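The structure under discussion appears below in the form of C-alpha cells.
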Amino acid sequence: MVFSWNPFKLFQRILPGLARKKRLEAMLAHVATDLAADHVSLWIALVNAVRPSRAHRVEEAVADLSELARMLSNVPDSRHVLRAALLKLFIDHKQTSLYVTSGLLPSTGFFSETARRISHRLLPDVVSPAYLKDLLTVIFYRKDDEIWVEAVPDEVWAGFFHALLDDGEAVPYGGESLPIALSEMLEALRILSYHVSAIGLNPELVRVDPQLEELESPFLAQNTEVVAYLEAYRVWWNDPDATLGDESHLGVMLDQCQEVLQRLHRRASRRGTSLTLTFTLERLRQHLDRIHELLGLLHELHRTRAVVSLLPRAVVLFKQAVRAECRKNRLSDYWSTNVGLLSLRMTESASKRGEKFITTNRREYFGMLGSAALGGFIIAFMAAFKIALGTLHLAPLTEALCFCLNYGIGFAFIHFLGGTVATKQPAMTANAIAASIGEIRGKTRDLEDLATVVVRALRSQFAAIVGNLGLAVPMAILFSFVFQHLTGHYFVDTAKADHLFADVHPLSGAPFFAAIAGVCLFLAGLIAAYYDNLTAYNRIPERLLQLRWPRRLFGEARSQRFTAYVENNLGALAGNFFFGFLLGGATALGVLFGLPLDIRHIAFSAAYIGYAAAAYDFAVPIAVLGVTIMGVLLIGLINLLVSFTLALYVAMRSRGITFAQGRILTTLVLRRFFGHPLDFFFPPRSTEISVPPQGNGATHTSGGGNGHSS
C-alpha cells in the first residue's frame, strides 16, 4: 500500500480549527472585559458565536461547542461571567410558562389555535423580557435555529454546560428557602397536574369512555398525589433528613393515566373521532409527558443534590423548548400533528375494509371475480348513459351535474348490489398493507408475511380487473348490436368512434387524465373513511334505532337490518357517490376555467372502445387496435398506481412509520413471481402462497369475499 502526503489537504483541515479558536478566544475576551453588557446580550453573543453558517452544517456547531467547553476551563474570568449570566436568566425571569406552555397545545381548541398561528405569522408576538420563554426567541432568533440545536448530540450540549457550571465552586441550590428556579419548576408541575385533571373531565373523553365518570378517574387522583409530593419536596429541601414518602405511588397513578389515554385512543378508533377529540387527546398526552420530564429532573436532584447531574435530562428539555419557540407559529406542524392523528383513525377503518379486498382462497377469488363482473355489467350501461348525455348538448352546468349523477348513482348502485369496481381496491388495500407494515415494525423475519399480503392483493386486483373488463366490453358490444337491431344504426357513429379511439391513445393526454382519475380514487377512499368515522362518532346507528316511526312502518326486524346496513355501508356508499362527483366535477372544472382537465378510467375506457369497435363492425386496423389496447392498459396502470401510492403514503404518514426494507420486500415478491408466477393470477389449491409465510400476525384474511366496493 502506498501512502501519499498532501500538504494542501492538511492545511484545509488545520486552518478552520485555527480560525475557530481565534474567533472563540475573541468572544471570550470580550465577555470577560465588557462588564457593562447585560446577561441576555452575553448569551446572544455566545449563540451567535456557535451558530453554524448554515443550519444543516451541524459539524460546525459541534466543533464550536466542543472547543468552547475546552476553553472555558482555561479562561476562569469568562467562565464566571457566563455562569453568572446563566444563573441570572433563571433568577430574574419567570420560568413557569416555559414548562407549562412551551411546546404544549393550548386549551383554546383546534380552530382557535389555527387562527392564532395565522395572525401571529402576519403580526409577530410582543416579547416580554420578564419571561424566560420569550427570551428564548430573542437568543435563538433565527427560525432555523432549532435544526442545529436539535442535531447537536446531547452529550455535546451536556459537556458544554458541565464545563460552564462545574468549576469546583458550589452552585447555590439549598438553604432555608427554595431557589427561584426550583420553586418555579414545582409550581409548573402543580399547574400541569391541574391541567391534566381538567382535561380528564372533558365531556369528549367521558363520551368515549363513560368509566371515567363512573369510577375514580386517575386524572383526578394524580393531582392529589402530585400536590402531596411537591409539599414533601419543599420540606425535604429545607431538611435533607426528611423523606419524600412513597414516590412509587405517584408513578403508579401517572402510569394509570397513560393506560387510560391508550384506552381512549383505542376506543376512539372504534367509536369514531373528531378534530376536537383528537386535539384533546394530543394535549393530554403532551401534558403527561411534560409532567414525567419534570418529575425526572426532581427525582435526579433528590438523588444527588447536584445540579450538574440534571444535565442529561435538562438538555432534552432545552431542545424541546428551543424547537417549540422556533416553530410556535408554524401552521404546517400544527396541522400535520392533529390532522395526522385524525387521518390515522380514518385509515384504520379503511384498512379493515381493505382486508375484504384481499382474497386468500379460490372461493373468495371467484367471489371477487363475480362481483367485479357485476360491476363491469353496470359500468357498460353507465358508459352508454354518459355518451347519450353528451349528445343532448345541455347547458354546461346542467351537463356537468348529469355526468356527476350518472357516475355517483351508478357507483353507489354497484356497491348496493354487491359489485366491485377494480380501481377502488388500491386505496383500500394500501391501508391494509400499511397496517401490516406497522405491525412488523421493521422486523425482517416478518417480511415473508408481508410479501404474502402483497401477492394476495395483486392477485385480487387482477381478478377485479378481469371481472370488470371481461363483462364491460362484451356488454358494450351487445348493447350496440341490440340498439342497431332496434333503430337501424349503431349506438355511436364512426366520427364519435374515432374520437373515442383518440381519447385512449397513449401519446394523447390520456396518461395525465388517468392520473387525475387516480387522485379522485384516492380522495374517494378518504371520503369513505371520513363517513365511516362520522357514523361511529355520531352514533348514527343507535340514533336511528331511537326513531319510532320506522319500527312501526317496517317492523322491528327490518329496522334492525337497515340500521346494521347503514352502520357497515354508509361510508362506502358516500365514497362511491362522491367519487362520481369527483370524476364528473374534474371535467366541469376544466370547462369552467379553460384548463386541460378530464378523467380516464380503465373500465369506462374499455367500454367506450367496445362501442367504438362495434361502430366499425370490428373492421378496426390491427395497428389501431393494438395502440388502443396499450392505451387502456396504461390508463388502468396509472389509475391503480396513483391511487395506491397516495393512499399508502397517507396511511404510513398517519401511523408515523417508515419502511426501510422496501428493497428486501421487492426482492421477496419478485422471487415468488419467478418461482410461482401463476400465484399472482390464480390462487393455489391451498389457502397460502406456495412459499409458506413465517412470523406472526401480519397476514390479513378476507372478510368473507363479498367483494363490496367502497
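Place the peptides 518-528, 122-132, 203-213, 42-52 in order of packing, highest mean first, counting for every residue the other Cβ atoms within 10 Å and averaging per peptide.
Numbers: 518-528: 24.5, 122-132: 11.4, 203-213: 15.8, 42-52: 19.0.
In descending order of packing, they fall as 518-528, 42-52, 203-213, 122-132.
Distance between the C-alpha centers of the stretch 176-209 and the stretch 211-239? Whole Å please.
Going from one Cα centre to the other spans 10 Å.
Need one number: nm distance between label points at H676 and E293, each 7 Å from Cα along Cα→Cβ, rounded to one decimal.
5.0
Provide the gained length on full extension for the span L641 to Q484, in nm with one decimal, where the gain is 0.36 nm per separating residue minus the Cα-Cα distance.
Numbers: separation 157, 0.36 × 157 = 56.52 nm, distance 3.78 nm.
Fully extending the segment from L641 to Q484 adds 52.7 nm.
Over the stretch 345-680, what is the relative contact order in percent, taking alpha-carbon pairs closer than 8 angstrom and at least six residues apart?
Numbers: 483 pairs, mean separation 104.2, N = 336.
That works out to 31 percent.
Would you mind pulling out the separation of the Cα centroids of the stretch 491-543 and the stretch 374-431, in Å?
Between the Cα centres of the stretch 491-543 and the stretch 374-431 lies a distance of 8 Å.
How large is the charge dipole for the stretch 345-680, taken about the Cα centre, if only the Cβ atoms of Lys, Arg (+1) and Asp, Glu (-1) carry charge, to the nearest 20 debye? Present the calculation step by step, with values, prior to reporting the outcome.
Numbers: 27 positive and 18 negative charges, 247 e Å.
Around 1180 debye, computed over the stretch 345-680.
Evaluate the relative contact order of the stretch 510-658 (contact order divided by residue number), counting alpha-carbon pairs under 8 angstrom at least 6 apart; express in whole percent. Write down the numbers at each step before the final one.
Details: 127 pairs, mean separation 60.5, N = 149.
Reported relative contact order: 41 percent.
Out of V482, F577, I516, whose Cα points farthest toward the positive end of the dipole of the stretch 345-680 (charges: +1 Lys, Arg; -1 Asp, Glu; placed on Cβ)?
It is F577.
Place +1 on the Cβ of every Lys and Arg and -1 on the Cβ of every Asp and Glu in the stretch 345-680, take the dipole about the Cα centre, and give the residue among G594, S460, N533 whose Cα lies farthest towards its positive end.
Looking along the dipole axis, the top candidate is N533.
Which one, L640, L625, I379, is farthest towards the positive end of the dipole of the stretch 345-680 when Lys and Arg carry +1 and Asp and Glu -1 on their Cβ?
It is L640, whose Cα lies furthest towards the positive end.
When a/c reaches 1.5 or more, the comparison of a/b and b/c decides; with that in mind, is the stretch 345-680 rounded, prolate or oblate per its Cα gyration tensor?
Oblate is the answer for the stretch 345-680, as a/c is 1.5 or above yet b/c matches or exceeds a/b.
Restrict the search to the stretch 525-604; then list the trypsin sites (Lys or Arg not before Pro) that DSSP places in a loop and that have at most 12 other Cβ atoms within 10 Å of their Cβ. The partial results should precede the final answer.
Details: sites: R539, R543, R548, R551, R552, R558, R561, R600; in loops: R539, R548, R600.
Taking the stretch 525-604 and a limit of 12 other Cβ atoms within 10 Å, the loop trypsin sites (Lys or Arg not before Pro) found are R548.
Each reported figure results from applying straightforward, stated rules to the coordinates on display, with no laboratory input. Computed from a prediction, not measured in an experiment: that's the story for all the values here. Here the Cβ is made from the backbone with ideal geometry for all residues, glycine too, and neighbour counts use every protein chain on show.
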